[in-house]
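Here is the structure we will look at, set down as structure tokens.
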Amino acid sequence: MTDLLDHFDAAVARHPERVAIVDGRGQAVTFRELQSLSNGLVEKWRCKGVQPGDRVLLAMGVSAELYASLAALWSLGATVVLPEPAMGLKGLRHAVATTKPKFFCANGLYCCLKALLPPLWPLPLLRASGPREVTEVKERVNTEVALISFTSGTTGAPKAIPRSHFFLMAQHDAVAPILESEAEERDLVAFPVFTLVNLAAGRTSILPGWKMSRLADVTPARLGDWLRRTGATRALLPPSLAGLLPQAGQTDLRHVFTGGGPVFPNVVRAIKDDLGAAVTCVYGSTEAEPIAHLEAHEISAQDAAHMAQGAGLLVGHPVPELRLRLCEGEIEVTGDHVNKSYLDPAQTLENKVVAGGEVWHRTGDAGRLDAQGRLWLFGRVGDEVSGRNGPIHPFAVEVAAQDWPGLSRCALMEKSDGPILAVEGNAACLQNWSERARAFGIERVEAISAMPMDARHHSKIDRVKLADLLKG
């Protein structure tokens with residue numbers, strides 16, 4: 001069976017001098033150089049005692065060294081443990097406690113974490129630096145589990161997800177057609193899985209010129225400067241950053257891919273109309289990426305009208321590589337690139353359904369399929385509120401409200417005394433918002449100064465924190 005490393009080796013053979021990665025400092029690394037660095041790490045870490053099946057906790061910034069380390073550890077047959085970066089030190093502790101790694105792999109200042117965190121003290125340190133002149137490795141070892149990553153933890157404790165090499169290859173096969181292009185693209189990539197696909201395809205990936213844990217600090221000017229400096233032709237960004245593009249100035253962007261949070265119609269419209277760029281919206285989850293995707297030009301005037309009237313959020317046709325069904329309104333999916341289990345069996349029982357010998361993943365999202373087979377989202381299961389005319393799903397209001405004057409963000413919430421629409425924006429528009437909300441059966445609107453957002457992509461409202469905020 002071929003895997004991502006086989007595809008990467010083939011890409012190196014085809015385009016050895018093509019730039020594989022432009023790092024966050026603007027330094028370019030060719031495919032040949034990246035492979036050479038990875039091969040050097042293989043020999044170095046083999047001597048350190050890394051064995052097939054060993055779990056290796058990897059902590060470093062998004063960089064060429066990160067991807068070289070992944071390739072090296074996979075060549076050795078190790079299982080890479082990737083902690084949730086948005087959780088910081090807490091995420092590292094959780095990853096150690098959950099997976100019991102045998103080694104700690106880091107570079108630069110991340111190496112200092114070993115001295116700061118007692119759980120890391122017993123683990124031998126693998127430094128992600130070494131000679132770049134090694135052209136080949138003695139042998140490659142394949143083991144079943146390639147890596148263990150974690151859910152974001154926005155809806156509970158982060159769950160550890162084991163991913164096999166077969167799973168990663170299936171995910172590649174699902175994502176690759178979405179990113180396919182006849183042109184020689186330079187992609188600004190904010191999602192590591194898409195960088196893996198690009199490395200397998202022989203395509204250039206530009207890494208973010210900012211910390212992914214500090215997305216709230218990225219301004220349109222900073223984003224525009226990075227796009228112009230690196231010559232990016234496409235951008236793969238969460239909605240929080242994609243929404244900045246219309247104010248980022250003139251760039252060479254011709255296509256924007258966005259996901260990792262709800263992509264509202266006003267964001268799509270602004271990118272398409274103001275930049276003249278194509279837009280692809282990708283819907284998925286940590287356990288199943290991608291689930292569906294939607295091209296901006298496929299959104300009809302009737303679709304836009306339906307979303308403005310409370311129909312929910314259109315996310316397009318499910319990808320052909322998976323199957324999707326609705327069970328009591330909840331979206332469930334199965335397929336080769338859909339995670340089948342968690343490291344904790346109890347979490348597997350809670351979030352997976354076995355039927356007819358197949359494992360279905362419960363996404364936790366509510367939705368429906370229309371007559372064209374397209375998927376519409378209503379929000380999270382259980383987040384619906386009791387309106388005067390019956391249950392109201394969050395996206396019925398939140399999607400429509402994006403075009404209300406003065407509104408930045410909003411969330412439909414349930415309080416002890418009834419539903420409330422929390423709104424961030426120009427408080428002078430409160431009366432207008434209240435009038436519009438009543439048309440959806442919502443009698444109360446409350447302006448708040450700043451909406452709490454998720455730490456991973458800064459694109460989803462943290463409803464747990466918002467509920468606490470509304471209690472004050």
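Cross-link partners of K211 among lysines, defined as those whose alpha carbon lies under 20 angstrom from its own and excluding same-chain residues fewer than eight positions apart: K90, K460.
Here the relative contact order of segment 287-381, from alpha carbon pairs under 8 Å that lie six or more residues apart, stands at 29 percent.
In segment 391-471, Cα pairs under 8 Å separated by at least six residues give a relative contact order of 22 percent. For L188, nonlocal amide neighbours, meaning residues 5 or more places apart or on other chains whose placed amide H falls under 5 Å from its own, are I206, T233, R234, A235, L236.
Taking amide hydrogens as placed 1.01 Å from N in the peptide plane, the amide H of K460 sits under 5 Å from those of D454, each at least 5 positions away in sequence or on another chain. Annotation: amide H of L147 within the under-5 Å range of V80, R163, sequence separation 5 or more or interchain, hydrogens built in the peptide plane.
From the Cα gyration tensor of segment 15-72, with a ≥ b ≥ c the square roots of its eigenvalues, which class applies: rounded if a/c is under 1.5, or else prolate if a/b is larger than b/c, or else oblate? Oblate, since a/c reaches 1.5 and b/c is not below a/b.
Projecting the Cα atoms of F194, H317, A278 onto the charge dipole of the chain, computed from C-beta unit charges around the Cα centre, puts F194 farthest toward the positive end.
Using Cβ point charges alone (K and R +1, D and E -1), the dipole size of the chain about the Cα centre works out to roughly 1360 debye. Of the residues S63, Q247, T233, the one whose Cα sits farthest toward the positive end of the charge dipole of the chain, with +1 on the Cβ of Lys and Arg and -1 on the Cβ of Asp and Glu, is S63.
Spatial offset of segment 47-71 relative to segment 378-431 amounts to 44 Å, using the alpha carbon center of each. Values (i) 69, 49, 45; (ii) 63, 51, 46; (iii) 59, 57, 45 are given for comparison; Cα extents along the principal axes in Å, derived from the coordinates here, is the one labelled (i). Sorted from longest to shortest, the spans of the Cα atoms of segment 287-381 along the three principal axes equal 46, 24, 22 Å.
When the listed pairs K159/K352; K48/K102; K100/K465; K44/K102 are checked against a 20 Å cut-off, the alpha-carbon distance exceeds it for K100/K465.
Over the chain, DSSP H runs of length four or greater, each weighted -39,500 (n - 2.57), average out per residue to a 222 nm ellipticity of -8500 deg cm²/dmol.
Short-range pairs are left out: with C-alpha atoms under 8 Å and at least six residues apart, the relative contact order of the chain is 11 percent. Cross-link partners for K471 among the aspartates and glutamates, with Cα-Cα distance under 20 Å and sequence neighbours closer than 8 places in the same chain left out: D383, E384, E414, D417, E424, E443, E446, D454, D462.
Since every read-out is calculated from the coordinates, none of them should be taken as a lab result. Please read these numbers as outputs of a predicted model, since none were measured by experiment. Note that we place each Cβ from the backbone using ideal geometry, even for glycine, and neighbour counts take in every protein chain shown.
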